[in-house]
């Protein structure tokens, strides 16, 4: 496909995609939160879906996932050492008690964060593979 680029954070010979370390997840969550607080996030009017429920249903699902997405600090009991800092995580699948709820989803919220972060990554010219001269900023 013309004008389609695979994001390679580590350059043209590196692996495809973005690293999703704990620090990167914190950065992506902060970008989303800042964008929402600043009301600087907009979805294209030509948004589409292959779901038979349509775009309105898709937007309702995204809203639900964004509202249940939150930070948690070691609430899942994985960090029990008194000397280790509590693990900070982000999820839309945690109930009020910090436990994972199998029926909750956060895939759209995560996809939105990755899309936002990857776009910023390219616009800030933090890549070595992308032809940055095609972007007009």
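The numbers here are math on the coordinates, done by the rules we state, and not lab data. Quantities reported herein were computed from a predicted structural model and do not represent experimental measurements. In this analysis, Cβ positions are derived from the backbone assuming ideal geometry, glycine residues included, and neighbour counts consider all displayed protein chains.
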Please work out the FRET efficiency for the pair residue 5 and residue 102, using the Cβ-Cβ distance as r and a Förster radius of 25 Å; give the result to the nearest 0.05. 0.10
Considering the Cα positions of the stretch 22-134, please state its Rg to one decimal place and its Dmax as a whole number of Å. 16.8, 52
Which length gain, in nm to one decimal place, applies between residue 45 and residue 21 when the Cα-Cα distance is subtracted from 0.36 nm times their residue separation? 5.4 nm
In percent, what relative contact order does the stretch 22-134 have, based on Cα pairs under 8 Å that are 6 or more apart in sequence? 25 percent
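What does the extension gain come out to for residue 38 and residue 136, with contour length at 0.36 nm per residue minus their alpha carbon separation? All intermediate terms of the calculation are to be shown ahead of the outcome.
On the way: separation 98, 0.36 × 98 = 35.28 nm, distance 2.31 nm.
That works out to 33.0 nm of additional length.
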